[in-house]
Amino acid sequence: MDFEVGTIHTGKVTGITNFGAFITIAPGKSGLVHISEITSTFVNDIRDHLAEGQEVMVKIIGVDQSGRMNLSIKAAASDPVGEPRRKAQSKPAEVASELSFEDKLKRFMQDSGSKMSNSKQYSDKKGTRRRGRQ
């Protein structure tokens, strides 16, 4: 079997936690479906959507350096059944998937700081105009 990013497989729910569900797609091959990847709507309790032993279609959306697979049920549902897509990612997404967690966190913090700075500048300008009119 081909276990590359972008392929779709049928798997069985083997465990449920507060943050996701573990899915076995082949003997010795399992991965995690994070709570945010179960459905496109808000999921408060995973057990409302999945049960242990249930068969589900999953798409491999990532494989980390340790070989652990990140799976998605909602991505598999949006793809046509029977025709797995092969790495249809753009270059920036491929580069982002190769970054370590620390690099991703650093990038997030930089983007967040920039957005907060822009927001603060806007609110400061907006506040001074109001004071000037009074």
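Assorted remarks:
- Gain on full stretching of the segment that runs from T24 to D103 - 0.36 nm per residue minus C-alpha separation: 25.5 nm
- Pairs beyond 31 Å (Cα-Cα), from K59/K104; K29/K74; K29/K115: K29/K115
- Rounded to the nearest Hz, the phi-derived 3J(HN,Hα) couplings of region 33-50 under the Karplus curve 6.51 cos²θ - 1.76 cosθ + 1.60 (θ = phi - 60°) are 9, 5, 4, 6, 9, 7, 8, 7, 9, 5, 10, 8, 10, 4, 5, 6, 10, 9, where x marks glycine and proline.
Only the coordinates and a few stated rules stand behind these numbers; no lab work does. What you are looking at is a predicted structure, and each value in this text was computed from that prediction instead of being measured.
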